[in-house]
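Visitor: This is the structure I want to talk about, given as structure tokens.
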Amino acid sequence: MLKRWKVCSGLLILALGMVGLCERVVTATSEGLVRTVRGVVIATNVKDTPQIVVVRVLMPNKEELTVGASVPMDTRITRAKRPIPLADIKVGDSVDLTYGKNPSGLVAQMIQVR
């Protein structure tokens, strides 16, 4: 039993470490942790409320992480420093996604199309 716990805790530490590798920026605010990842858009949904963006992030160890976040109306979305609507972001676009976490899930705070 003890041996099994050691393996499980090692996997947890490994998983947490791998998540840390994909994060480019982690900051703490009064609202909690805010993370920024760089990746490629694999899906958007502008027809539902809230709108959704899904980004595939390639981590340094070549593993992929998928980040899906709701996009509220006050999310700042830019391309070349100009504001754009989420509908202008296409699958395959490279983005920097800054998001936070609340009780209902991940929430995009800023999306910068590169």
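Visitor: Could you run through segment 45-100 and say how many residues are touching a Pro at 6+ places or on another chain (Cβ under 7 Å) and surrounded by 14 or more Cβ atoms within 10 Å (Cβ to Cβ)?
Guide: Total meeting the criteria: 4.
Visitor: I've got another one for you. In segment 97-114, what residues are over 15 Å from Arg38 (Cβ atoms) and either among the charged types (D, E, K, R) or not in a strand (DSSP E or B) (or both)?
Guide: Matches in segment 97-114: Lys101, Pro103, Ser104.
Since every read-out is calculated from the coordinates, none of them should be taken as a lab result. Note that the coordinates shown come from a computational prediction; the quantities given were computed from them, not determined experimentally. Neighbour counts run over all protein chains shown; Cβ positions are idealised from the backbone, glycine included.
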